[in-house]
Structure formats: C-alpha cells, structure tokens
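The values are calculated or read from the model by the stated rules, or taken from the named source; none is laboratory data. On a predicted model such as this, the values are computed, not experimentally measured, just so you know. No Cβ is skipped: glycine too gets one built from the backbone with ideal geometry, and neighbour counts run over all protein chains shown.
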Amino acid sequence: MFDNLPLWPTAASSHARYEDWLFLFLTVVSAAMTVLIFVVIAIFAMKFRRRHGREATQIEGSLLLEIGWSVAPLGVMMLMFVGGAVLYFVMRTPPRDSAQVYVVAKQWMWKLQHMEGPREINQLHVPVDRDVELIMTSQDVIHSFYVPAFRVKQDVIPGRYTTLWFRATRPGTYHLFCAQFCGTMHSGMIGEVVVMEPRDYQAWMLNAAPSGTLAQSGMTLFQQLGCNTCHVSETQGRGPVLKGVFGNPVQLDDGRTVIADENYIRESILVPAAKVVSGFKPIMPSWQGQVNEEQLNELIAYIKSLSPAPAGEAVTSGAPGGTAPPPPAQ
Amino acid sequence: MATAVISTERKNYINAEYGIRSWLLTTDHKRIALLYLLSITFFFFIGGFFALLIRLELLTPAGDLMTADMYNKAFTMHGQIMVFFFLIPSIPAVLGNFLIPMMIGAKDLAFPRINLLSWYIYVAAGALYIYCLATGGVDTGWTFYTPYSSLFSNTRVVEAGLSIFIVGFSSILTGLNFVVTVHRMRAPGMTWSRLPLFVWSHYATSIIMLLGTPVIAITLVLVVLERTLNLGIFDPSRGGDPVLFQHLFWFYSHPAVYIMILPSMAVMSEIIPCFSRKRIFGYTFVAMSSIAIAAIGFLVWAHHMFVAGISLYSALVFSFLSFLVAVPSAVKVFNWTATMYKGSVSFSTPMLYAMGFIGLFTIGGLTGLFLATLGVDVHVHDTYFVIAHFHYVMVGGAVMGYLGGMHFWWPKISGRMYPEGWGRLAALIVFIGFNLTFFPQFLVGYLGMPRRYWQYPPEYQVYNVLSTAGASILAVGYLLPMVYLLWSLRYGKPAPDNPWQATGLEWRTASPPPTFNFDETPEVTWEAYEYDTMPLPDEVTLER
C-alpha cells in the first residue's frame, strides 16, 4: 500500500509485538499531552489576547495545582517505566535452551559462527519460532548489532562478550545494521537476517555445514595449541580439568568464586594470571595475539561442550532430519 | 573639537570608548557579551554549513555528494561546533553575561577581568578547532567514543579534544563568575525570592558548569593521552575499558543538555509574564524546578548506555531517575502555560518564539520519555528517533529561546527597535521549517534508520527528502533575523528605555545602558514580576 512511504516497521520477533504496543501507548499519551498543551495555549492566546479596557488578573499560583501536575504525570510515567523495564528484563534474559550463534564484528563486517559449524558473513540464517542467542564480541572498535524488524539492539564491545536474543516469528529477510558509529564505512556495515521455515533451515544447514561443529573445530585447535598437555581430560594435570567447568562456580586462589562464563574463559585464555584457580600455580602463558576472536569462540564452544547439558545445541529440533529439500533461492 | 558634538549625546556602554583596543581590552560585561555574540554567531554559521552538507548528502540514499569520510567529518564537526562552541555558551555567555548584573542591580560581574579571560579562552579554543578543521578535521562523532577515537581514527582527534578541553575552562569561569555574582553582588532589597527567574535558572546552569565541565575536560585529556602516549585506559587489549569512557563522557554531556536548555527556560520565564502582563504562575516552583533539574540531571547519564552492556539493575535505576527528571521540566511547562491564563496576551515576536518554545520543548521532552523507557530505547537508540528528540530539545528548545531572548533584549542591547513584522515572519518560518526538518526523523527513526549513516536503504528516502526541504526553510528563518537585526542597528527606531514595560531592573536604566549600568545603585522594594504596577506598553512605539 505504502511502498514508498513505509509508516511502521515490520514486526518479526516475539519482542516486536510487545515493543510496538508499548510504543503505541507512549505515543498516545504523548500526543494527548502535546495536543492538550497546544490547545490550551491557543485558547489562552485567543481568549486572553490584549484588548482595550481589559486588564490581566494577577494570580500567585496554586499549591494544589503544582502538586497535581507533578504527581499525575509521574504516575503515568511509572506505567511507562514498568512496561519498559519488563520488556528490557525479558530482552536481557535469554531462555536457557536458546540456539547459540557467535558473532564477531570488525570494521566493517559481521562474521557469524553457528554451533553446528556453518559460518556466514553479513548474513544470519535462523529458523522461525526458535529462541536464538547471539554471543558477540568485536575485534576492533565498538559496533552495535541492530535488527529493526526484531526491535533488538546490543552494542558489540571489544574485549568482552555481550549477548542478545530473539525469537523470529515471521519468515523473511530483514535488515541488519551496525548502529554504533565505527568509522569510514559504518553505513556499509549492513547485512541481513534470513528467517526460514524449520525445514528450509534444516536444508540450508546441511548445505552449508562444513566438516565439523564449532566445538569440534575447537577441539582440534585445543590440541594444535597444545592446551591438552596441561589441561588433561580426566586426571589432574598442571592445569585444571576443564570437564564440567563451564557454567559452574570456580574457586579462585584469592578466595573469590566466579562463574565460568564466556567472559571468564576468554580472560583465562588471554590473561591467565588475572583469575587463577585455587590450588594451581600461575604458570599458564598468555595467548593474547596468538588466537583470534573466531578461534577463541571455537575454544569456548569446545569447553562448553565438555559440560553436561550444554546449551546451544539441537538448533534443528522439530525439523525432519536428513531428507530436507535444498534451501530456497535468496 | 569633534568630541564636543559627541559629548552632547548620552554616554552608554557602546559609545563610551572607541577603537578596537577599547573592545578587546574591555572588562565591561556588556561589551564582553557582544564579543561572545560575534564569536558564537560565527561558529553557528560554520556548524550550520555542516548541517547543510549533511542534509544535502541525505537527499538521496546513495552516498554521492561526498565521500564517506567527508560525511563522517561533517556530522562530527556539526555536532561539536554546535554543542561546544554555540549552544553551551549561547544564552549564558551572551544574554546571561549582558543581563545578570543588570537584573540584580550590580555594576558588573564579580570578576570582570576573569570574564574577559573566559572570552579569550573561548577564542583560543575556537582558533584551535578551526585549525583542526582546516588541517583535515575529525571524524569520531561528537561523542568521541573509544576505542575508535583513541586507537583507530586517523583524523585530528588530539586537536579537537584539546580544543574542547580548553573551551571547557571558558565555561567553568563563566559559571564561577555567575555564582559569585549572584551571591555577592545583589542590590539592596534584591532578595533571593525577588530574583528574576532568569537569574535562578542561570544560577542552576552555573552549578552544572562548575561541577560537570571538569569531568569532560579530564576525560578528553585521557583520550588525548591514550592516543599520544599509549596509556591503555580505554584499550581492552591492555586491560582498559572502552565503556568507562561512555560513563565519563555522559556524566558531563547529559547535564550539558541542561546547560543548553536551562538558560532557554530562563528566557521563557521573562518573556511569558511580560507579554501576558502577569506575575509568573508559581514563582517558587519554577525557581526550584531549575535547581531540581540541575541536581537530578547529574544522576541520569547511563540512559545513554542502555544497550552498551551495563548491568540490568543499573539500567532500571537510571531509567527510573530519567523519568524523575522529566517532572521539573513538566512543572515549568505547566506554569508558563498557566501564566497566560487571564492575562493580557500580545503576539509580539518574543512571545511567538516563547509559544513556539513551549510547543517544541513539550514534544522534545515527551519523546525523551520514549528513550527513558528501557524496552523502547533498545529499538530507537542510535536511530534518527534520537536525532529528532534532541534536536527538538536543543534547537526547538534552546535555539528558539535564544532567538526569543535576542529579540526581547535587542532594544536594550542595541538601543534600536527591530522591525516587528519581519520579526514575526521569521519566527513563523523558523517554527514551520523546524518541524518539517525534524518531525519526519521521528518516523524514519522508528522505522529503524540508524544515525550517522552516509548511505541508507531506499525505503527511508521520502522522510529524508522532507527533512532536507525543511532544513532549507529553516535556513531562511535563521538568516532573516541576521539581516533585519543588523539593518535595525542603522535604520531601526531608537528604543525607549522600557519598550515592553517589563518589570526587570535591566529595563529601569537607559537603552543602551551606561557603562556601569545604573547611575545610582537601585534599591529594590518590590517583588518580581509585579505587572499590575506597570502600564501597558505603547503599541505605537513597537510597530514600525
């Protein structure tokens, strides 16, 4: 209808519907307020315009009015606050069984690594009606992963992982933008998110899948780098056993306890001396500059796979396996 | 002797002395205000030129007018010049400087030489910025986000950072001067509860300048040191934290928004009672809301960082506080509107700007609530929605206030009346041009167009064309006052001492005022805004 004049962005995620309603509520309240102010000004300006023989009536003010027009707006604003906070809370809490995709941003490109193995550039394929969590980092400046149709945005920061999740509700191809200014070709750091029916997705996955999963690549790298000489798989070596570590508390030698999440694993590889596990010597060398961001993701995926009930597998659950048709043309 | 002829003319601050030295070495707050007026106008037009380039580039979806790097520099320098070299000094350094001593019945500011020094600091910083611009410019965005600014940008970040570091001292000294002046220099009888609200609002502004500016100064020094000495404060590969920069930057730069808008609110609180012939509604609440804005304004900075990876719970706190800071702003809008009730309202140019201000500031403020609402901010953050929002506040609010104030006090400053018809026409053009420029940006922002995009998907074009069309109308609206105000200096009717029959002390001395403002120190025996004691202005003197 409005091909050249879009008025409302496509809503294609579970967040989008809630966000649109909230936005609509805010718009209605704001429009009512704006109209009220404009109309009152217009009425006062007309009714009390300067005329001969009529003087202004001096009024000091009114405590009752002041309290009223402070408290009433605050009350309405608290509705907005709660509505926004609930949505934000949902957005910041990925469901436990989400499919996980690693994202590495760089000037001016998005690199994506699926747990199952496929890698993509500036394109992300996801199945419809599946919770997807992105674990993101940047190898240079701050970027921001933004999909307007999903109403989600999250800055992607060098040196640490930030996450974002969504559940796509409508198949289609949607804009992916970098929303944080990142240099010359900031506006060229765009791509698309392709939401597919589970069966199409399955077919795409089969077509795109390389030799192994991300965790398998990580295991190969783990051995190539010689990590397994200290981190022995079953018995205690010079380094802690990594089996079952991910997602669980770790006792440090200074008495603190931390949860072994992505950021902790990353730090332990790049700056091993920062948080040493209790009972071990700080003898591990730093791998800063020797493994790149994508390899770090592989290693983390491998370490994750060593823990029971690993998150982020079985992306294709619910889809018929093996015999799916080839992916549709883009 | 030639001087004999001149000496029959009444001496005022303009004709008290002649020659370039008498201006460059002056310690008269009114002359310094004029020096500021010239310099900020210069920067306004440079910043405006960059705005023009931005709007022309965005007329088409493809990046075709200039290169991506040029575009990035254009929006960076538009922002930095408009914020640091125009908006922040605009009303305080020009109108505040000119009026505060007169409004409280003083001969000058508390530290006249420091006042001149602050102008020289401004000029030095401005010269450095022009050097930065002439030697290639800077492309970090006005926000200087690390690690892009500290490690990656190949442009003149050091020069720009140092320039803004230096101009901060001009702000700090002006704020210091105002605070001391308001405390120590009030005329007998000018109690705190009799202070014009213009002074109250500037007092709140000065406190923000004093407490906030040092933080951004230090932050920019850290960026400069990181670039030059490789410190690694914001460099994650050496244990630094790039997000720390954002906390430091916004700790100043959010309150800086209040540095820009509070003085404009100050102007409103003078214009609206005068052209409604009424005491302002709820004097105490308007005065205290300025202080509340200054105080709460320091506690909302992280609402710029809801998607920057801050903790969930700190986001909740900052969202709540951001709603809270909206209350005192709303209180002001309601009180100004109520002031018109049962008044005797005239539609003179300053009042048109004031009514425009209330409308645009209301929209700007209400759209701020969208950004304070966590779940909504996630979507609209860093899109054109934000651009539209802050232009409604900083241009629709601050610049409308500045223009309204310039017209209101022009007779006092120049001793001449401007042509009223042209004044009203320009106010109307500004209002229409402004809305056409910035309202479409709310829509295209909600559709998802990110800010700082040199090229964009074609479905966003319609809104960008509207916006560019509006900008060209807005440009006419800004050029018109330049022309007729300059024209009025020579051809305008001589202004009476109090053309609007306003109540402030500044209207109880000559137009233009003598060097020491009052022939004898006034003694205040009346309350602020006692409009029932003033006659109506003679409309005939106003109309040309």
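Values for this structure:
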{"quantity": "Conditions (1) at pLDDT 95 or above; (2) over 35 Å from the mean Cα position of the chain (by Cα); number of the one not met by A:E66", "calculated": "(1)"}
{"quantity": "Check on A:P9, closer than 30 Å to B:I310 by Cα, touching a Pro at 6+ places or on another chain (Cβ under 6 Å) and within 7 Å of chain B (Cβ to nearest Cβ)", "calculated": "yes"}
{"quantity": "Extreme residue, farthest from B:S348 (Cα to Cα), among residues of the stretch A:1-59 that are of a type in the set (G, A, S) and assigned to a helix (DSSP H, G or I)", "calculated": "A:S14"}
{"quantity": "Within the stretch B:346-362, considering residues that are facing chain A (nearest Cβ under 7 Å) and under 21 Å from B:S290 (Cβ atoms), the one surrounded by the fewest Cβ atoms within 10 Å (Cβ to Cβ)", "calculated": "B:G359"}
{"quantity": "First in the stretch A:54-80 and more than 22 Å from B:M288 (Cβ to Cβ) and within 7 Å of another protein chain (Cβ to nearest Cβ), second anywhere and hydroxyl-bearing (S, T, Y) and assigned to a helix (DSSP H, G or I), Cβ under 7 Å, 6 or more apart", "calculated": "A:A56/B:S276; A:A56/B:Y531"}
{"quantity": "Matching residues, the stretch A:271-283, being in contact with a helix residue (DSSP H, G or I) (Cβ under 8 Å, 6 or more places away or on another chain) and of a type in the set (A, V, I, L, M, F, W, C)", "calculated": "A:A274"}
{"quantity": "Of the criteria (1) within 7 Å of another protein chain (Cβ to nearest Cβ); (2) surrounded by fewer than 22 Cβ atoms within 10 Å (Cβ to Cβ); (3) not aromatic (F, W, Y), which one B:S319 fails", "calculated": "(2)"}
{"quantity": "Filter pass, A:T173 being farther than 30 Å from B:H304 by Cα, hydroxyl-bearing (S, T, Y) and more than 7 Å from chain B (Cβ to nearest Cβ)", "calculated": "no"}
{"quantity": "Set A:A203, A:A179: member being among the aliphatic types (A, V, I, L, M) and under 18 Å from B:Y145 (Cα atoms)", "calculated": "A:A179"}
{"quantity": "The one condition in (1) away from chain B (no Cβ under 11 Å); (2) of a type in the set (S, T, N, Q); (3) in a loop (DSSP other than H, G, I, E, B) that A:T93 fails to fulfil", "calculated": "(1)"}
{"quantity": "Criterion (at pLDDT below 95 and surrounded by fewer than 22 Cβ atoms within 10 Å (Cβ to Cβ)) met by exactly one of B:L56, B:L65", "calculated": "B:L65"}
{"quantity": "Residue within the stretch A:158-167 that is outside any helix (DSSP H, G or I), more than 9 Å from chain B (Cβ to nearest Cβ), in contact with a helix residue (DSSP H, G or I) (Cβ under 7 Å, 6 or more places away or on another chain) and hydrophobic (A, V, I, L, M, F, W, C) present", "calculated": "yes"}
{"quantity": "Helices (runs of 4 or more DSSP H) contained entirely in the stretch B:43-162, each with at least 2 residues that are away from every other protein chain (no Cβ under 14 Å) and under 22 Å from B:V223 (Cβ atoms)", "calculated": "B:112-134"}
{"quantity": "Exclusive hit being over 19 Å from A:V82 (Cβ atoms), more than 7 Å from chain A (Cβ to nearest Cβ) and assigned to a helix (DSSP H, G or I), set B:V325, B:V331, B:V286", "calculated": "B:V286"}
{"quantity": "Count of residues meeting criterion [more than 9 Å from every other protein chain (Cβ to nearest Cβ) and either at positive phi or assigned to a loop (DSSP other than H, G, I, E, B) (or both)] in the stretch A:118-157", "calculated": "6"}
{"quantity": "Lone qualifier among B:G375, B:G343 - being buried (at least 24 other Cβ atoms within 10 Å of the Cβ), in a loop (DSSP other than H, G, I, E, B), of a type outside the set (D, E) and within 7 Å of chain A (Cβ to nearest Cβ)", "calculated": "B:G343"}
{"quantity": "Scan of the stretch B:228-255 for residues that are more than 14 Å from chain A (Cβ to nearest Cβ) and farther than 14 Å from B:A302 by Cα, ordered by number", "calculated": "B:T228, B:L229, B:N230, B:L231"}
{"quantity": "Unique residue being in contact (Cβ under 8 Å) with a residue 40 or more places away in the chain and surrounded by fewer than 20 Cβ atoms within 10 Å (Cβ to Cβ) when the list is B:A124, B:A134, B:A106, B:A93", "calculated": "B:A124"}
{"quantity": "Candidates B:I271, B:I310, B:I291, B:I280, filtered to the one that is more than 7 Å from chain A (Cβ to nearest Cβ), more than 24 Å from B:W142 (Cβ to Cβ) and either touching a Cys at 6+ places or on another chain (Cβ under 8 Å) or surrounded by fewer than 22 Cβ atoms within 10 Å (Cβ to Cβ) (or both)", "calculated": "B:I291"}
{"quantity": "In the stretch B:439-494, the residues that are surrounded by fewer than 19 Cβ atoms within 10 Å (Cβ to Cβ) and of a type in the set (K, R)", "calculated": "B:R490, B:K493"}
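To keep it simple, each residue is scored yes or no on (1) surrounded by 21 or more Cβ atoms within 10 Å (Cβ to Cβ); (2) in contact (Cβ under 8 Å) with a residue 12 or more places away in the chain.
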{"site": "A:V82", "(1), (2)": "no, no"}
{"site": "A:R96", "(1), (2)": "no, yes"}
{"site": "A:L124", "(1), (2)": "yes, yes"}
{"site": "A:P127", "(1), (2)": "yes, yes"}
{"site": "A:V132", "(1), (2)": "yes, yes"}
{"site": "A:V141", "(1), (2)": "yes, yes"}
{"site": "A:K153", "(1), (2)": "yes, yes"}
{"site": "A:P171", "(1), (2)": "no, yes"}
{"site": "A:F177", "(1), (2)": "yes, yes"}
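A quick yes/no check of all residues on (1) closer than 21 Å to B:V476 by Cβ; (2) modelled with pLDDT of 95 or more; (3) among the aliphatic types (A, V, I, L, M); (4) in contact with a strand residue (DSSP E or B) (Cβ under 8 Å, 6 or more places away or on another chain):
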site	(1), (2), (3), (4)
B:F323	no, yes, no, no
B:L366	no, yes, yes, no
B:A372	no, yes, yes, no
B:H381	no, yes, no, yes
B:H391	yes, yes, no, no
B:G397	yes, no, no, no
B:G423	yes, yes, no, no
